[in-house]
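Asker: The structure follows.
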């Protein structure tokens, strides 16, 4: 990514020029020398730092100076009376809080080129006098909702709520603050997690080619923890469970976003009303029939209220049942309302407090989820309910231990 940006900066510097225009240089000549090369560059413009897709500076450039100036004025993007206050310049100048220095250099070149040209064009009576009636649309053609969906901060928020929250499954081998033994065996490339840096982690995942844009379900970031391709870290989750759904939700959306598959607002996925936040607390269920081994199990937790149990689960945990001992255990995830600041939500450890809890147990007896990965366990998969008291400390040991209901049948569905 950095190499590509460096090349793009070099192209902009060499072809567009950076000096002031010659005293006798016309707006048309400035356009040819400094603006057209931006439209024809092989590499993305600085827009790509904030937009994963849908927006590029070339979309604001027509074949000649007159057509471009008229179209920009018609769209309200050029201020002929005060060129330096043109909205297009404001758009180009926008940058994220932590901007890449190489992209910042490219942005400065683009901004200088357009400011020089717009200033000269505003003084050219042949351009200023052009009628708006001849203008054609300019800029992005996609609906604004799709453009917003493709913003990198929105993409990062999706990564955080769907993948980053599960990083503890992978940190032992892939985070540099924990994996020095593995690095000695495998090399530095194995460290794709950037501690406390979800944006850096996503960038590394992309740079390492761990996302398959053509077939997201074949992405290494998904297939390795599923054990579907060689993975020294063994199986981390299974097809059809919540983690698998979340990884796939992000991967499919990311691929569709960056490859331009979203054309209409109706194509966009509907955001979930809630997100899941790791508590660090573990729940173990014992005394499960051995016949349930390797089946997906989900436990939804309800809290005691003044009028009974909460209407909706306040936390959940799911995993496969151990075939050797009929035991189930995994970390509990609190279920919280979606807010604008997804990162703070996810980083906040929502540990469950003391109190009385109701656990409702569900098992995929028929193994449907492995075949239909979007299948949600429901009433037909119920194993019953268990009441217990909290709280419990975070960590794998000691977990909160409950026993499966005594009425659980041993027989699996055919």
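The values are calculated or read from the model by the stated rules, or taken from the named source; none is laboratory data. Keep in mind it's a predicted model, so treat the numbers as computed, not measured. Note: ideal-geometry Cβ built from the backbone for every residue, glycine included; neighbour counts use all protein chains shown.
Asker: Does the stretch 252-271 contain at least one residue that is out of contact with any helix residue (DSSP H, G or I) (no Cβ under 7 Å at 6 or more places or on another chain), closer than 30 Å to residue 350 by Cβ and at pLDDT below 95?
Answerer: Taking every residue of the stretch 252-271 in turn, at least one turns out to be out of contact with any helix residue (DSSP H, G or I) (no Cβ under 7 Å at 6 or more places or on another chain), closer than 30 Å to residue 350 by Cβ and at pLDDT below 95.
Asker: A further question follows. Looking at the stretch 211-237 only, could you name the residues that are touching a strand residue (DSSP E or B) at 6+ places or on another chain (Cβ under 9 Å) and surrounded by fewer than 20 Cβ atoms within 10 Å (Cβ to Cβ)?
Answerer: The one that is touching a strand residue (DSSP E or B) at 6+ places or on another chain (Cβ under 9 Å) and surrounded by fewer than 20 Cβ atoms within 10 Å (Cβ to Cβ): 235.
Asker: Exactly one condition in (1) modelled with pLDDT of 90 or more; (2) in a loop (DSSP other than H, G, I, E, B); (3) more than 20 Å from residue 138 (Cα to Cα) is not met by residue 55; state its number.
Answerer: Single failed check for residue 55: (3).
Asker: Could you list, in sequence order, all residues of the stretch 17-28 that are surrounded by fewer than 20 Cβ atoms within 10 Å (Cβ to Cβ) and either modelled with pLDDT under 85 or within 20 Å of residue 59 (Cα to Cα) (or both)?
Answerer: Just the residues of the stretch 17-28 that are surrounded by fewer than 20 Cβ atoms within 10 Å (Cβ to Cβ), to begin with: 17-26, 28.
Correct list: 17, 18, 19, 20, 21, 22, 23, 24, 28.
Asker: When residue 333 is evaluated against the numbered criteria (1) within 19 Å of residue 239 (Cα to Cα); (2) assigned to a strand (DSSP E or B); (3) free of Cβ contacts under 8 Å to residues at least 40 places away in the same chain, which criterion, by number, is the only one it fails?
Answerer: (3)
Asker: Quick check on residue 341: is it crowded, with 17+ Cβ neighbours inside 10 Å and either under 30 Å from residue 196 (Cα atoms) or modelled with pLDDT of 95 or more (or both)?
Answerer: no
Asker: Next question, about the same structure. Residues that are assigned by TED's automatic domain parsing to the domain that holds residue 303 and touching a helix residue (DSSP H, G or I) at 6+ places or on another chain (Cβ under 7 Å): does the stretch 324-337 have at least one?
Answerer: For the stretch 324-337, residues assigned by TED's automatic domain parsing to the domain that holds residue 303 and touching a helix residue (DSSP H, G or I) at 6+ places or on another chain (Cβ under 7 Å): present.
Asker: While we're looking at this one, here's another question. Please find, among 277, 317, 285, 299, the residue that is assigned to a strand (DSSP E or B) and free of Cβ contacts under 8 Å to residues at least 40 places away in the same chain.
Answerer: 317
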